[in-house]
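A short worksheet on the structure shown next.
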Amino acid sequence: MTDADSETGTDPQLNDDAMERFPVPTFEDLPEDLQERIAEETDRSGFTPNVFSAFAYKPSHFRAFFQYHDALVEDTALAREEIEMIVVAVSGVNHCYYCNVAHGALVRLYAEDPTLADQLIANYRTADISEAHRTMLDVAVKLTERPTEVEPADLEALREAGFSDEAIWDIGAVTAFYNLSNRMAMFAEMQPNDEFHTLGR
């Protein structure tokens, strides 16, 4: 997914190679609301991110997935670069190829840092980030890897790092959503667009 701000006039085109394990529908066969959403994203990005092509396989799930995604990035106490940092750290420990590449590009764009995404994917603990952001990612990764071990002390550590209760909720929500996204991407074997590899370099 990308929010690159460019009006390109590019025609939306679903990529047959967006995923390996399920068929990708044709754009013209999609419900009108999906066509409109995909066209908007294509105009912003200059290409149609493959996650849109993949989730179009089941329109009801497409609507729910992207409605929640939009809520997470639009109604949040987190900065967009913080959201993308969580996504990349979580996707790194989950070894999700699609999200590592696609959201790695968004980290580079929103953080205006060409190397941060690679650091976060390899080992967020040694990345060049603030202690507050390290605490944020510690909790996100713990929720990803060992959810039964999350305890009140983890939330208190986030408060001490300067995060509001709303931001703490958002950290949990983004983490949970992208664990779902990672697993669907891996299950369907979604492939990142070539364009993601070079964005923000």
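The values are calculated or read from the model by the stated rules, or taken from the named source; none is laboratory data. What you see is a predicted model, and the numbers here were worked out from it, not measured in a lab. Note that we place each Cβ from the backbone using ideal geometry, even for glycine, and neighbour counts take in every protein chain shown. Quick note on the areas: whole protein, heavy atoms, side chains included, nothing else; ligands and nucleic acids left out. Shrake-Rupley method; radii C 1.70, N 1.55, O 1.52, S 1.80 Å.
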Of all residues in region 146-167, how many are in a helix (DSSP H, G or I), acidic (Asp, Glu), open to solvent by 60 Å² or more (accessible area, probe 1.4 Å) and within 21 Å of Val93 (Cβ to Cβ)? 1
In region 74-128, what count of residues is obtained for those that are open to solvent by 50 Å² or more (accessible area, probe 1.4 Å) and closer than 16 Å to Asn182 by Cα? 3
Which residue pairs have Cβ atoms under 6 Å apart, sit 6 or more places apart or on different chains, and have a first residue in region 124-152 that is touching a residue at least 12 places away in the same chain (Cβ under 8 Å) and a second that is assigned to a helix (DSSP H, G or I) and not hydrophobic (A, V, I, L, M, F, W, C)? Leu137/Tyr124; Val139/Asp154; Ala140/Thr175; Leu143/Thr175; Thr144/Asn179
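What number of residues within region 49-68 are touching a helix residue (DSSP H, G or I) at 6+ places or on another chain (Cβ under 9 Å) and either open to solvent by 10 Å² or more (accessible area, probe 1.4 Å) or aromatic (Phe, Trp, Tyr) (or both)?
Residues flagged as touching a helix residue (DSSP H, G or I) at 6+ places or on another chain (Cβ under 9 Å) and either open to solvent by 10 Å² or more (accessible area, probe 1.4 Å) or aromatic (Phe, Trp, Tyr) (or both) within region 49-68 amount to 10.
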